[in-house]
Amino acid sequence: MAQPLVKKDDDRDDEEYSPFLGIEKGAVLQEARVFNDPQLDSRRCSQVITKLLYLLNQGETFTKVEATEVFFSVTKLFQSRDIGLRRMVYLIIKELSPSADEVIIVTSSLMKDMNSKTDMYRANAIRVLCRITDGTLLTQIERYLKQAIVDKNPVVASAALVSGIHLLQTNPEIVKRWSNEVQEAVQSRAALVQFHALALLHQIRQNDRLAVSKLVTSLTRGTVRSPLAQCLLIRYTSQVIRESAGNAQMGDRPFYDYLEGCLRHKAEMVIFEAARAITELHGVTTRELTPAITVLQLFLSSSKPVLRFAAVRTLNKVAMTHPMAVTNCNIDMESLISDQNRSIATLAITTLLKTGNESSVDRLMKQITNFMSDIADEFKIVVVEAIRSLCLKFPLKYRALMNFLSNILREEGGFEYKKAIVDSIVILIRDIPDAKESGLLHLCEFIEDCEFTYLSTQILHFLGIEGPKTSDPSKYIRYIYNRVHLENATVRASAVSTLAKFGALVDSLKPRVFILLRRCLFDSDDEVRDRATLYLNTLGGDGSVVETDSDVKDFLFGSLDVPLVNLETSLKNYEASEEPFDINSVPKEIKSQPLAEKKAQSKKPTGLGVTPSAPVSTVDAYEKLLSSIPEFSNFGKLFKSSAPVELTEPETEYAVNVVKHIFDSHVVFQYNCTNTIPEQLLENVIVAVDASEAEEFSEVASKPLASLPYDTPGQTFLAFERPEGVPAVGKFSNTLRFIVKEVDPTTGEAEEDGVEDEYQLEDLEVVPADYILKVPVFNFRNAWESMGPDFERIDEYGLGQRESLTEAVNTVINLLGLQPCEGTEVLASNSRSHTCLLSGVYIGNVKVLVRLSFGIDSSREVAMKLAVRSEDEAVSDAIHEIVGSG
Amino acid sequence: MILAVLFANSEGNILVERFNGVPAEERLHWRSFLVKLGAENLRGVKNEELLVACHKSVYIVYTVLGDVSIYVVGKDEYDELALSEVIFVITSAVKDVCGKPPTERLFLDKYGRICLCLDEIVWKGLLENTEKDRIKRLIRLKPPTEF
């Protein structure tokens, strides 16, 4: 931080300077005793209150006792008739925010003021009462508040309305009773009253779409007096447009004229609000967008930074969805790169990076290079992320962009910034094969002088995976081995692992890698020596040029097939004994996480954090798990495992999800259970299934879970037989059955006796899509041609009235469970027709290709043509059947 | 929601800080962040010239008035434009109370009144009054003139 954050008076020599010089809480509290004087000195009392405010405004806090004492003294000041003092009293009571049991002292005085003939006493008393009141008191004063809302004095009305907005959070049922009065206040001639009333009325009615729509319709036709209220109205109008979008007929969008009219309002605030509302319209057309972009463009050259910022911020958002619409503003934005305000400059740059075309990349990069040196890390990260997207958009420009990234990687910067650059380089290496070798070398150079252990180890890991696959792996060895000499133990250990990977994959390098690994046996750190020993032994042989066993490669490159969290829990629970720790005892199922966490994780892929082979390893893990259970060992090869289907609501006592494993003539349900009650131990856990709505399935085996302690996930299984090769479908109702035992929370020991109990779970369905594997093809046309028309089946279907074409396309994709190819699952906005290409493998290992052509008419009726090609006639028919019955 | 209104002197020492809906443990972070922002950008800026920044989904509009720098922080509906309205009201009210862009001493001399003005302008994170003349009357418990 640039400046010391000491209180104002601590560092001043000039004694005359501050009226609060040497102010000290204890002394001020002493002074507050003047409030108790029989002859009140109003001036002095005001001064003391000012001092109290000064202390509070500086973040000083009063203890409960101190605050109570001051509060009680302050209440005495209601005796004074001095108007200035009364105003201060209102303020200090709010600041002291007395506790519920103290409020009573002051309520009678405030109630009296609330009924005073002096308007301003009324307004202030309302504000104070509403700040300190609770529900019971509120019912007592409700009558007065309702009157106040329609008071002739705008200050009184505003006080009551703003209080209403606050009280709605704590006592909604009371405030909702005021809607008639609030409705009246919306029509007020006083601008601010209308603003506050509109805000409150909308909050009261926000869940009633029809009411909001009526409110918007009447106000957009009437007069709105303040720009602030106008902004609110625009926001509510957008909401109405959004919600009615599903029902709107084709043609002009309702309220668009109103929004467009607001672009000519005299208040800038209103213009911006309208422009933003237009740009955020769902499926906005170029024609609708143009007037908004034009006004925003004018603001780009405004002399006021706030307006420039607002304009470029809005355009930046538009550029994400409609880059072409923003290109007209590119020249204005280029001049903003040198804007003194760095927030504006960063937004301008990142917008340009989104709207620029391939030919402007080089010029833009030149400008950015100068710009990067004088902005803060947080802005730099934004720029790096924009450059990453640009490079993925124009892969041919990778050289210039990669060079730029490697240059900024060499410059000064904090961890987050460096991590953003490294992540970007890694993503580019993964997505642009040509960029691989130069990218890896940039990373190698970076770790030569990298101060962040985390980044060094991550890069070394990445090098171990990608480096051996390059044309000349030997050139990386030097960089890696240097780490063994120059770095801390963590990095050295990583370097040893990376060396071993090179040794395992590149046979010609093996002898040299062995020499290097042997040198690591003398390292000062245990972990480094242990790793070197381990790898020398596992790689085996004497370091001659021989091929490495595939088992060893699996060991080096495969993932640990247990979740680390579970391993950690098991290791913590393991007590040292004769019996060695058995990794097979670690549960393999990942604990299901709260929804919010899942969303956060799936937000966007980050560079080093991504394991490219993640889906494959899940299938492998399932296969291993199932084959280890004797009852299921004769089911043959696992065809498909579904994603987990939740059978419980989030945050219930027991969390259960199920994975459907499909075999040739069997289906296994793997129920993943978690007990979230610390005081319970569950035993003999099994899911009882009623398969009466799944006639073709018969239960053949089950595997109960012996024990389910708190917070340690476990699995129970159930196997069904079904006719071979037939994609049987059905519905299964599930009940979790178990014996529950109380656990003493202090000792963690469970009681001897338990009680049988059960817990209802959601139903589970086996659907046609379960029999189809998503397998992409990289060139659909080639695949389609080479499959030939022998078993082609074509038919047309009417899908009825649909919300949108996108919705119809997604429904069919989900129904079939096939893999969309070549990005055809994404539709251009407002498109009237679309072709979607799908591929996959049907049970029995039959390849399937599907071509879907959709069309939508003005009444939103969707028609679809389905063409299927496969290696088996029956399978082509089956796909049509799925659509026909879905 | 207007999350914070903060006044600091030219050295970055806090004169007034009022937070709404900001957890106590985050206030110190905000205080240092704002003061740093001012130290980096406010030098040489003219009185009442508005500067703007955003930090995550939060907007900050700040300016200088005499010896005092003023920061207003908001989110959601209080975006940079609404905040510039808020800060405009605040600067007008402060100028009105002090009679001119204040020196630090003058600001502290009028401290009580400035607190009253802020009380009229921001009511627990919501903008309540916007006209300086009305505010001037309200802090003396006088009804607005137009009434």
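Values in this text are rule-based calculations from the coordinates and carry no lab data. What you see is a predicted model; the values in this text were computed from it and never measured. Here Cβ is always computed from backbone atoms with ideal geometry, including for glycine, and neighbour counts include all displayed protein chains.
Descriptive notes on the structure:
- Local net charge near A:Lys640, Cβ-Cβ under 13 Å (Lys/Arg +1, Asp/Glu -1): 0
- Sites A:Asp763 and B:Glu49 - FRET efficiency at Förster radius 60 Å, r taken between beta-carbons, to 0.05: 0.40
- Restricting segment A:768-798 to GluC sites (Glu not before Pro) in coil, as DSSP defines it, with at most 16 other Cβ within 10 Å: A:Glu792
- Separation of alpha-carbon centers, segment B:38-55 and segment A:655-731, rounded to whole Å: 63 Å
- A simple count of charges around A:Leu364, restricted to other residues whose Cβ falls under 12 Å of its Cβ and scoring Lys, Arg +1 and Asp, Glu -1, yields +1.
- As a rough footprinting exposure proxy, the listed residues B:Glu25, A:Glu742, A:Glu288 were ranked by other beta carbons within 10 Å of their own, and the order from fewest upward is B:Glu25, A:Glu742, A:Glu288.
- In a DSSP loop and with at most 13 other Cβ atoms within 10 Å, the trypsin sites (Lys or Arg not before Pro) in segment A:775-856 are A:Arg832.
- Over 21 Å (Cα to Cα) - which of A:Lys640/A:Lys847; A:Lys731/A:Lys865; A:Lys572/A:Lys660 fall in this group: A:Lys731/A:Lys865; A:Lys572/A:Lys660
- Exercise: per-residue mean of other protein chain Cβ atoms within 10 Å, A:307-316: 3
- Here the contact order of segment A:357-446, divided by its residue count and restricted to Cα pairs under 8 Å and six or more residues apart, works out to 31 percent.
- Our estimate of slack between A:Tyr710 and A:Lys266, defined as 0.36 nm per intervening residue step minus the Cα-Cα distance, is 153.5 nm.
- Peptide B:11-23 is shielded by partner chain Cβ atoms: per residue, an average of 4 of them sit within 10 Å of its Cβ.
- Within the straight-line cut-off of under 26 Å between alpha carbons, the lysines reachable from A:Lys366 are A:Lys317, A:Lys354, A:Lys380, A:Lys393, A:Lys397, A:Lys418, A:Lys419, A:Lys436, sequence neighbours fewer than 8 places apart in one chain being disregarded.
- Candidates per chymotrypsin sites (Phe, Trp or Tyr not before Pro) in segment A:778-863, loop by DSSP, up to 16 other Cβ within 10 Å: A:Phe778
- On Cα atoms only, tilt of A:526-539 relative to the major axis of chain A in degrees: 30 degrees
- Tensor-based shape of segment A:49-92 (alpha-carbon gyration tensor, a/c under 1.5 rounded, otherwise prolate or oblate): oblate
- Estimated 222 nm signal from helices in chain A, with DSSP H stretches of n ≥ 4 weighted -39500 (n - 2.57), rounded to 500: -16000 deg cm²/dmol
- Anchor B:Lys100: lysines whose Cα lies under 18 Å away (excluding residues fewer than 8 positions away in-chain): B:Lys46, B:Lys110, B:Lys132, B:Lys136
- FRET efficiency, 1/(1 + (r/R0)^6) with R0 30 Å, evaluated for B:Asp133 and A:Leu298 via beta carbons: 0.40
- Exposure proxy order (Cβ contacts within 10 Å, fewest to most) of A:Ser733, A:Ser163, A:Ser858: A:Ser858, A:Ser733, A:Ser163
- Mean separation of Cα contacts under 8 Å, 6 or more apart, over the residue count of chain A: relative contact order %: 4 percent
- Extending 7 Å from the Cα toward the beta-carbon at both A:Arg221 and A:Glu568 defines two label points whose distance is 6.2 nm.
- Sites A:Lys393 and A:Thr735, calculated FRET efficiency, Cβ-Cβ separation with R0 56 Å, nearest 0.05: 0.60
- Tilt relative to chain A, helix A:614-627 - C-alpha long axis, 0 to 90 degrees, to 10: 60 degrees
- By the beta-carbon count within 10 Å of each Cβ, the least crowded to most crowded order of A:Ser456, A:Ser707, fewest first, is A:Ser707, A:Ser456.
- Residues of segment A:147-178 with amide N under 15 Å of a point placed 7 Å along Cα→Cβ from A:Arg189: A:151-155
- Compared with the dominant Cα axis of chain A, that is its longest principal axis, helix A:191-205 is turned about 40°.
- Sequence-separation-based contact order of segment A:253-356, relative, with Cα cut under 8 Å and 6+ spacing, percent: 20 percent
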